[in-house]
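Read the structure below first, then the notes.
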Amino acid sequence: MRIGISALSRAGQSIWQNGLGQNVIFFAQLLLRLPFVQSVVLIDVGSERKLPCDLERFAAGVRILTQQEATDEVDVIVEMAGALDNEWLDLMRARGRKVVYYCCGQPYVALVESAVFERQVSTTRPDRCDEVWLLPKDHLMQPMMRTMHRCPVHVVPFIWHAGFLDVRIAEAAGYGVRYGYDSGREAREKLGGGLRVAIFEPNISVVKASSIPMLICDEAYRADRSSVSAMHALNTFHMKDHRTMLYLANSLDLVREHRATFHGRHDIVGFMGQHADAVVAHQWGNDQNYSYLDALYGDYPLIHNSPWLADAGYYYPGFDALAGASQLLEAVRHHDARIDDYRARSRAVFEAVNPFNEANLEGYATRLQALAGNKAWGNAA
């Protein structure tokens with residue numbers, strides 16, 4: 001079986017802009033471990049015809065082709081990180097090839113917010129694929145996607161490993177920046193404060209926004225002035241002059257007492273290594289996020305509301321800012337003493353999402369074999 005995965009290259013691209021670029025490579029690496037997969041290529045629908053330099057070392061054995069070049073090179077096409085041309089997909093399906101739409105983003109919000117907020121997004125013809133694959137976080141959307149795309153919809157494993165993070169950690173270390181939680185509550189208290197908290201939500205959708213984390217930080221600070229020495233709200237520059245954002249920010253004691261800073265985009269390794277000791281996060285219907293795993297990998301206290309990670313980090317339910325503040329205070333007071341147990345629970349998560357563990361390999365192998373059926377592909381249609 002020869003598999004092509006869509007990719008979207010852009011000038012100045014970085015893997016830290018979002019998790020999708022990493023996800024494509026993790027998926028390609030997994031596929032190359034399956035005994036019946038002959039080759040994996042990336043089908044670039046972008047402008048560069050090459051991967052960002054921070055992806056290249058992980059893409060050994062994966063060529064980058066245009067759609068035209070891939071015509072006689074693939075048996076299964078997975079549209080994942082770039083929209084493919086409808087006419088080309090029609091041609092490939094007419095030749096007996098199979099097309100999968102692998103939806104990594106939250107599909108309901110992508111459908112609704114673009115119309116409600118008049119956002120320009122690419123749209124695709126609904127009957128252009130043989131199957132749709134969703135991640136476990138979006139399993140509730142299966143009936144909706146089945147109705148829209150008029151084909152079977154299946155849930156496939158969520159995968160991640162720390163390869164990209166390790167490279168970035170080593171790179172930062174070369175500049176004297178250390179990534180990883182630094183135990184030492186007593187030293188922080190001597191400097192007059194508790195944890196320096198970072199909020200990494202992208203603030204471009206209701207599914208991942210900073211409002212609840214800001215309230216959590218402020219509630220903890222109001223309960224114990226020594227708990228939060230600084231709150232860093234990243235990805236907020238585009239909202240800094242919005243009246244609602246200003247109203248929320250100016251209502252916080254952390255802002256009034258000059259302990260809050262609002263930033264643009266930064267990668268987690270560089271920022272945490274220099275400015276923060278903990279991460280407070282919030283999601284709505286999007287509970288599997290690479291940034292959570294990145295934080296856990298550094299042993300940082302992660303205060304989050306992801307049911308998927310309820311046994312790791314410091315979990316609070318739903319929109320319960322009071323419970324979130326309680327968990328933040330728990331981290332302030334006890335994280336140093338309990339870090340070995342915290343680390344062990346994180347490692348259990350990492351093993352579950354490892355692309356190369358048997359359960360994940362089998363999950364994708366089963367799905368691909370069912371998609372192919374009894375089809376025996378050759379080098380030409």
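Determine which residues of the stretch 21-42 fall in the zone a paramagnetic label at Glu358 would reach in this model, i.e. backbone nitrogen under 20 Å from the point 7 Å along Cα→Cβ.
30-37
Stokes-Einstein diffusion coefficient for the chain at 37 °C in a medium of 0.692 mPa s, Rh from the Kirkwood formula over Cα pairs: what value in µm²/s?
For the chosen part, D equals 148 µm²/s.
Please list the radius of gyration and Dmax for the stretch 176-353, considering alpha-carbon atoms only, with Å as the unit.
15.0, 44
Counting helices only, and only those DSSP H runs with n ≥ 4, report the 222 nm mean residue ellipticity of the chain as the sum of -39,500 (n - 2.57) divided by its residues, in deg cm²/dmol to the nearest 500.
-11500 deg cm²/dmol
Loop only per DSSP, at most 16 neighbouring Cβ atoms within 10 Å: give me the chymotrypsin sites (Phe, Trp or Tyr not before Pro) in the stretch 241-322, ordered by residue number.
Counting only loop positions with at most 16 other Cβ atoms within 10 Å, the chymotrypsin sites (Phe, Trp or Tyr not before Pro) in the stretch 241-322 are Trp284, Phe319.
Can you compute the modelled spin-label distance between Met148 and Asp127, with each label point 7 Å from Cα toward Cβ, in nm?
Reported label-point gap for Met148 and Asp127 is 1.8 nm.
Could you give the alpha-carbon Rg of the stretch 231-288 over 2.2 N^0.38 Å, rounded to two decimals?
Taking the Cα Rg and dividing by 2.2 N^0.38 Å, one obtains 1.23.
Once phi is turned into ³J(HN,Hα) by the Karplus curve 6.51 cos²θ - 1.76 cosθ + 1.60 with θ = phi - 60°, what whole-Hz value does each residue of the stretch 210-225 show in order, with x for glycine and proline?
For the stretch 210-225, the Karplus-derived couplings read 8, 4, 5, x, 5, 5, 4, 4, 5, 4, 5, 5, 5, 6, 8, 4 Hz, x marking Gly and Pro.
Report Rg (one decimal) and Dmax (nearest whole number) for the stretch 112-159, counting Cα atoms only, units Å.
So, for the stretch 112-159, Rg and Dmax equal 12.2, 32 Å respectively.
Can you list the lysines whose alpha carbon sits under 19 Å from that of Lys240, skipping same-chain ones fewer than 8 residues off?
Cα-Cα hits under 19 Å: Lys208.
Tell me, what HN-Hα J-couplings in whole Hz come from the Karplus equation 6.51 cos²θ - 1.76 cosθ + 1.60 at θ = phi - 60° for each residue of the stretch 169-177, using x for Gly and Pro?
3J(HN,Hα) across the stretch 169-177, in whole Hz: 4, 5, 4, 5, 4, x, 9, x, 9.
Find the relative contact order for the chain and round it to a whole percent, using C-alpha pairs within less than 8 Å whose residues are 6+ positions apart.
The normalised contact order for the chain reaches 15 percent.
Report the extension gain between Asp241 and Ala115 in nm, rounded to one decimal, defined as 0.36 nm multiplied by the number of residues separating them, less their alpha carbon distance.
That pair, Asp241 and Ala115, stretches by 43.0 nm at full extension.
Just want the ordering: Leu42, Leu91, from fewest to most Cβ atoms lying within 10 Å of their own Cβ.
The most exposed by this proxy come first: Leu91, Leu42.
Only the coordinates and a few stated rules stand behind these numbers; no lab work does. This is a predicted model, so every value here is computed, not measured. Using ideal geometry, Cβ is built from the backbone for each residue, glycine included, and neighbour counts are taken over all protein chains shown.
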